[in-house]
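In what follows, a structure is listed as structure tokens, so that the remarks can point back to it.
Values in this text are rule-based calculations from the coordinates and carry no lab data. Bear in mind the structure is a predicted one, so any value in this text is a computation, not a measurement. Virtual Cβ from ideal backbone geometry, glycine too; neighbours counted across all protein chains shown.
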Amino acid sequence: MPLICLALFLLLMPALYFFVLNLGSGSIEDCPNCGSRNSNDAEHCEKCRQYRPADVLSENYWLLAIGSGCCLLAMIGWITSQ
Ligand SMILES: [Zn+2]
């Protein structure tokens, strides 16, 4: 059992990492073309009208949140099974 928990924890580490990263960025993003700030769900930049591809990370926000939760649970399970 402890090994499975450890494996799950390591597997879900990236989800936790990207979840925390995503928390910091919020819903405002810089345009890669002109640097002006846009809301994350805007498909085109408000200033230069450049198309901004949707952020994959924020689209899978809840998936990342669930992954992070499982990661923490696996970590707790691993610690308590010691
Ligand atoms: Zn722009």
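So here's what we get for this one:
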| read-out | value |
| --- | --- |
| Rounded FRET efficiency, nearest 0.05, which uses the C-beta distance separating residue 17 from residue 46 and R0 of 22 Å | 0.15 |
| Phi-based couplings in Hz for segment 65-82 (Karplus 6.51, -1.76, 1.60; Gly and Pro marked x) | 4, 5, x, 5, x, 5, 4, 5, 4, 5, 5, 5, x, 5, 5, 6, 8, 5 |
